[in-house]
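Asker: I am attaching a structure below and will ask some questions about it afterwards.
Any read-out appearing in this document is the output of simple, stated calculations on the displayed coordinates, not a laboratory observation. Computed from a prediction, not measured in an experiment: that's the story for all the values here. Don't worry about glycine lacking a Cβ; one is built from the backbone with ideal geometry, like all the others, and counts go over all protein chains shown.
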Amino acid sequence: MLTHLDAQGRAQMVDVSAKADTERVAIAKAHVVMQNATRALIAQGGIAKGDVFAVARVAGIMAAKRTHELIPLCHPLALTDVEIQFADLAAPDDAHACLEITGIAKNVGKTGVEMEALVAVSNAALTLYDMVKAVDRRVRIDNLRLVYKAGGKSGEWRFE
């Protein structure tokens with residue numbers, strides 16, 4: 001059953017007022033694939049728009065805090081923590097580099113923070129894309145996904 005639909009099939013916000021507050025955490029990830037030269041420019045601080053990681057990190061955090069304004073029917077949440085992390089991964093080939101962006105969202109509340117983690121990672125990846133697109137037109141965002149959630153009635157879940 002889809003909880004965001006009423007008996008007539010109309011969209012509705014889920015009523016969470018009877019749910020207990022629990023600690024909740026969600027982790028999302030995405031990959032940004034770019035040319036090796038682009039990754040080298042980022043490392044050297046050579047991107048004209050500035051510090052790519054600092055700007056993308058702040059963009060991800062800001063987006064997580066506004067998820068309810070971006071995704072219809074999401075509840076506004078009092079997030080207790082949002083983290084954005086960047087890591088180099090094995091590239092798909094010798095000509096490319098791959099950055100993995102991880103977003104972690106936490107709160108104590110009545111509903112989960114999965115969408116906040118996904119929105120954080122999405123916006124961090126889009127910001128990184130925007131900052132490097134002038135030097136790398138083939139940069140791409142891949143594999144956006146939720147990898148972990150904990151808390152609430154459904155408990156712990158991992159992407160296997």
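Asker: Give the label of the value calculated from the structure for Cα Rg over 2.2 N^0.38 Å, choosing from [x] 1.00; [y] 1.16; [z] 1.11.
Answerer: From the options [x] 1.00; [y] 1.16; [z] 1.11, the structure gives [y].
Asker: Can you show me the helix-derived [θ] at 222 nm for the chain, built from DSSP H runs with n ≥ 4 at -39,500 (n - 2.57) apiece and divided by the number of residues, rounded to the nearest 500. Provide the component values of the computation, followed by the final result.
Answerer: Values: 4 runs with 46 residues, N = 160.
Taken over the chain, the calculation gives -9000 deg cm²/dmol.
Asker: In addition: Could you run the Karplus curve 6.51 cos²θ - 1.76 cosθ + 1.60 with θ = phi - 60° over segment 122-134 and give me ³J(HN,Hα) per residue in whole Hz, x for Gly and Pro?
Answerer: Couplings: 4, 6, 4, 5, 5, 5, 4, 4, 4, 6, 10, 4, 5 Hz.
Asker: Rounded to whole Hz and in sequence order, give me ³J(HN,Hα) for segment 18-23 from the Karplus expression 6.51 cos²θ - 1.76 cosθ + 1.60, θ = phi - 60°, writing x for Gly and Pro.
Answerer: With coefficients 6.51, -1.76 and 1.60, one gets 8, 6, 7, 6, 9, 5 Hz.
Asker: Something else now. Below 22 Å, Cα to Cα, which lysines can K133 reach? Residues fewer than 8 away in the same chain don't count.
Answerer: Within reach: K29, K49.
Asker: Report, by chain and number, residues whose modeled amide H sits under 5 Å from the one on V147, excluding near sequence neighbours (fewer than 5 apart, same chain).
Answerer: Amide H to amide H, under 5 Å and 5 or more residues apart or across chains, V147 pairs with I27, A28, K29.
Asker: Could you tell me which residue out of M13, V25, A120 lies farthest along the dipole of the chain toward its positive end? Charges go on the beta carbon: Lys and Arg +1, Asp and Glu -1, centred on the Cα centre.
Answerer: Checking the options against the dipole of the chain, the answer is M13.
Asker: Which longest uninterrupted range of the chain lacks any trypsin sites (Lys or Arg not before Pro) assigned by DSSP to a loop state (not H, G, I, E or B) and surrounded by at most 16 other Cβ atoms within 10 Å?
Answerer: Details: sites that count: R10, K19, K49, R66, K133, R137, R138, K153.
So the longest stretch without any such site is 67-132.
Asker: Using Cα pairs closer than 8 Å and at least 6 residues apart in sequence, work out the relative contact order for the chain, in percent.
Answerer: Numbers: 335 pairs, mean separation 58.5, N = 160.
Over the chain, the number comes to 37 percent.
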